[in-house]
Amino acid sequence: MITVQQLKKVYESGGESDLVLSVASLHIKEGERVAITGTSGSGKSTLLHMMSGVMEPTEGSVVVAGTELTSLRPAARDAFRLATIGYIFQDFHLLPSLTAEENVRLALPTEHLSDEQVNRAFQSVGLAHRRHAKPHELSRGQQQRVAFLRALVSEAPLILADEPTGSLDAKTARATMELLQDLCRVRGKTLVCVTHDEALAATFPRQLRMETLNDALKGGA
Amino acid sequence: MSLWRLTWKNMWHERSLLLLAMSTVALVTALLVFVQLASDEIEESAKRGYGPYELVIGHEGSPLSLVLHTFYHVGEPLGNVPYEVYEYVARSPWKDVAYPMTRGDSYDGFPLIGTDVNYFKTRYGALAIEGATYEQTGDVVIGSHVARATGLTVGDTFYASHGAADGHAHDEMPFTVTGILPPFGTADDRALWTTLDYAWHVHAEESDEEELTEGPITSIVVVPSGLMELQQLEQMMNERDGVQAVYSGKTASELLSVVDQGRAFVYVVTVVSFVIAGLSIMLALLAVGASRAKDIALLRLLGRSRSFITRSIVLEGALVTGIGSLVGIVGGHVIAAFVSPVIYDRFGIAIDAWTFQPMESLLVIGSIGVGMLVSFVPARRAYRVDPLTLIER
């Protein structure tokens with residue numbers, strides 16, 4: 001699903017170069033559920049952004065679902081992201097002007113979900129009775145579940161989650177992470193989850209540590 | 001989610017701010033529509049205001065005042081001319097027909113005018129009058145608008161007042177309604193009509209003097225026998241002391257040019273108002289855009305393209321002005337419907353409030369164009385939003 005080769009990210013500032021990410025090689029198989037952990041500033045979010053095509057690498061390649069992202073023009077990368085990748089954020093980021101259902105439909109390239117399909121999706125996260133509520137009418141846990149649905153309900157094969165439980169309490173975070181993994185497993189989606197919580201990362205079948213992955217942290221290039 | 005649905009939901013979420021901007025557009029549009037309706041009708045009224053009476057003769061003074069009070073029943077006559085002036089015109093070979101008029105009294109704000117009953121036949125042809133025309137002093141026929149406004153019907157009696165509205169009543173001489181005229185679509189609908197001698201009779205009653213059979217008259221309306229004859233008569237009358245003769249059409253054109261100047265001024269004010277409305281929309285969209293920066297970044301992260309975002313903002317601007325102009329067009333016609341009875345009562349101009357004009361569709365198209373144009377700045381800003389701003393910590 002994802003293949004990264006000789007990936008580097010350098011920030012230029014005041015005439016000085018700062019190498020923040022250097023990953024020699026990384027491969028994530030289709031259907032895998034992977035947690036990426038590391039301390040703050042270890043480059044885990046930067047790696048995630050480059051996997052989604054939102055951030056361009058300074059060097060190297062990122063191939064997602066057989067497509068080399070760096071070869072795509074910006075508009076094509078946007079379209080690819082809409083069709084291929086579901087995004088989950090730490091702060092949920094639901095649009096306040098839309099209902100829960102409309103926020104879920106926001107990530108769909110076209111309006112192809114039937115009412116029944118939407119209802120089943122909301123039932124799977126226990127929110128069938130709240131699908132017409134606005135975000136401010138939902139609890140934090142409910143908002144996060146809506147954010148999950150937004151990422152999962154489309155046909156996008158890859159889910160990228162950036163600290164998806166960072167705004168939740170420990171108990172809710174654990175339950176939410178279990179739900180996320182179950183939903184991905186049932187739907188056969190590939191899940192890459194960035195988290196600083198080692199305990200939550202341990203629930204994933206595969207864990208990657210940035211301290212091992214990112215050569216820039218070792219002083220390598 | 002489609003572009004239209006997302007745009008509509010965003011607009012609804014920010015409706016307070018956008019409603020203000022929309023209201024500005026609606027108000028300006030309503031003003032423009034109302035002015036257009038009123039000025040069109042004023043122009044039409046001015047054109048048909050004098051009928052076949054190409055010349056009007058009266059006391060010397062303002063030509064515009066003479067035409068206004070004779071044909072549009074607006075304002076008061078400045079004086080009278082001797083009856084022998086009419087006799088001279090009546091004997092003249094330069095006229096087809098000429099009718100003298102006396103005025104000075106009113107009922108319930110509507111002028112009472114004495115003239116030959118054939119004035120109507122010459123101007124409007126055969127009359128389908130309800131009741132009968134006036135035959136003797138004290139008989140009155142009333143215009144259709146007077147009948148509606150006052151409730152007078154055939155057989156009713158009333159007392160006229162001296163002057164425009166609140167003068168003393170002539171309680172020595174009652175008038176009896178013998179007929180109600182059909183609607184003519186001119187200022188004649190808002191007048192009461194009686195015999196030429198009513199004014200002399202009233203004056204004699206009041207002053208206890210002997211009644212005159214040929215007293216002073218206010219104006220003479222003339223259908224000339226030809227163009228040369230018209231000019232001859234006009235010249236002849238203007239050489240007499242205390243008398244003026246005025247080409248009705250020429251003076252009506254001068255009235256129209258005043259109306260045109262007024263209309264042009266209103267157009268300039270409206271254009272300026274439109275510019276201000278456009279700026280207010282741009283500011284509203286900028287304010288809304290600033291508050292939606294995170295939403296825009298989210299949409300970009302989810303994979304919505306830059307062009308999707310900018311199209312949404314431009315569509316929003318177009319909808320604000322488009323809806324505003326549609327509401328304004330309806331509003332302008334509603335205002336005209338409310339105001340037209342007042343204008344008709346005061347000036348005898350009947351505005352057809354529900355005539356929709358081709359200009360109005362251009363107004364909507366133009367408004368949408370303005371909305372799209374002023375959306376350009378906020379759309380450019382949204383275009384440059386970096387999606388990473390949403391998630392950078």
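The values are calculated or read from the model by the stated rules, or taken from the named source; none is laboratory data. Quick caveat: nothing in here was measured; it's all calculated off a predicted structure. All Cβ positions, even for glycine, are placed from backbone atoms using ideal geometry, and neighbour counts span all protein chains on display. Just the protein is used for accessible areas: all its heavy atoms, side chains included, with ligands, DNA and RNA removed. Shrake-Rupley method; radii C 1.70, N 1.55, O 1.52, S 1.80 Å.
Between chain B and chain A, the total buried accessible area stands at approximately 2300 Å², from heavy atoms with a 1.4 Å probe.
Where a ≥ b ≥ c are the square roots of the eigenvalues of the C-alpha gyration tensor, would you call the range B:39-100 rounded, which needs a/c under 1.5, or, failing that, prolate if a/b is larger than b/c, or oblate? In terms of gyration-tensor shape, oblate.
Annotation: amide H of A:Leu208 within the under-5 Å range of A:Ala35, A:Ile36, A:Thr37, sequence separation 5 or more or interchain, hydrogens built in the peptide plane. Convex hull volume per residue, computed on the Cα atoms of the range B:61-241, equals 121 Å³. I'd like the distance separating the alpha-carbon centroids of the range B:308-346 and the range B:246-276, in whole Å. Distance between centres, Cα-based: 23 Å. Over chain B, what percent of the accessible surface lies on carbon and sulfur atoms, probe 1.4 Å? Heavy-atom surface of chain B belonging to carbon and sulfur, 1.4 Å probe: 61 percent. Counting 0.36 nm for each residue step from A:Arg73 to A:His129 and taking away their Cα separation leaves a gain of 16.0 nm. The alpha-carbon atoms of the protein assembly as shown define a convex hull whose volume equals 233 cubic angstrom per residue. Work out the FRET efficiency for B:Thr176 and B:Gln232 from their Cβ-Cβ distance, taking R0 = 45 Å, and round it to the nearest 0.05. According to the calculation, E is roughly 0.60. Size descriptors for the range B:271-362 (Cα atoms only): Rg and Dmax, in that order, 20.0, 65 Å. Neighbours of B:Trp354, meaning other residues whose beta-carbon lies under 14 angstrom from its beta-carbon, give a summed charge of -4 when Lys and Arg score +1 and Asp and Glu score -1. Only protein atoms count toward the accessible area here, which uses a 1.4 Å probe; on the range A:2-217, the carbon and sulfur part of that area reaches 48 percent.
With each label point set 7 Å from Cα along the Cα-Cβ vector, what nm distance links B:Val272 and A:Ser139? It is 6.0 nm. Kindly state, to the nearest 0.05, the FRET efficiency for B:Met359 paired with B:Ala128, given R0 = 22 Å and r defined as their beta-carbon distance. The formula returns an efficiency of 0.05 here. Computed over protein heavy atoms with a 1.4 angstrom probe, the accessible surface ordering of A:Lys29, B:Lys95, largest first, is A:Lys29, B:Lys95. For the range B:208-269, rounded, prolate or oblate, judged on the Cα gyration tensor with a ≥ b ≥ c (square roots of eigenvalues), a/c < 1.5 rounded, else prolate if a/b > b/c? Here the range B:208-269 falls in the oblate category. For chain B, the extents of the C-alpha atoms along the principal axes are 106, 46, 35 Å, listed from largest to smallest. How much accessible area per residue does the range B:61-241 have, counting only protein heavy atoms and a probe of 1.4 Å, in square angstrom? Accessible area per residue: 44 Å². Each of B:Ser307, B:Tyr344, B:Pro100 was placed along the dipole of chain B (beta-carbon charges, centred on the mean Cα), and the one lying farthest toward the positive end is B:Ser307.
Normalised by residue count, the range A:2-217 yields a Cα convex hull volume of 131 Å³ per residue. Contact order for chain B, expressed relative to its length and based on alpha carbon pairs under 8 Å spaced 6+ residues apart, stands at 27 percent.
Work through the residues other than B:Ala287 whose Cβ is under 12 Å from its Cβ and net out their charges, Lys, Arg +1 and Asp, Glu -1. Taking every other residue near B:Ala287 into account, the sum is +1.
For every other residue with a beta carbon closer than 15 angstrom to the beta carbon of B:His333, add +1 if it is Lys or Arg and -1 if Asp or Glu, then tell me the sum. The answer is -4. Applying both filters, DSSP loop and at most 10 other Cβ atoms within 10 Å, to the chymotrypsin sites (Phe, Trp or Tyr not before Pro) of the range A:14-89 eliminates every site. The lysine pair tally for the range A:2-217, using Cα distances under 25 Å and a gap of 8 or more places or different chains, is 10. In summary, the lysines within cross-link reach of B:Lys121, defined as a Cα separation below 29 angstrom excluding same-chain residues under 8 places away, comprise B:Lys47, B:Lys95, B:Lys250. Per-residue accessible area (protein heavy atoms, 1.4 Å probe) orders B:His59, A:His136, B:His162 as A:His136, B:His162, B:His59, starting from the largest. Solvent-accessible surface, computed for protein heavy atoms with a probe of 1.4 Å, shrinks by 40 Å² or more for the following residues of the range B:298-328 when the other protein chains are added to the isolated chain: B:Leu298, B:Leu301, B:Leu302, B:Gly303, B:Arg304.
Between A:Thr212 and B:Arg311, the distance separating the two model label sites (each 7 Å from Cα on the Cα→Cβ line) works out to 4.6 nm. Computed on protein heavy atoms with a 1.4 Å probe, the accessible areas place B:Arg380, A:Arg150, A:Arg73 in the order A:Arg73, B:Arg380, A:Arg150, largest first. Loop only by DSSP, 12 or fewer other Cβ within 10 Å of the Cβ. Give me the GluC sites (Glu not before Pro) in the range B:300-393 that pass, ordered by residue number. Sparse-neighbourhood loop GluC sites (Glu not before Pro): B:Glu392. Computed with a 1.4 Å probe over protein heavy atoms only, the accessible surface of chain A comes to 42 Å² per residue.
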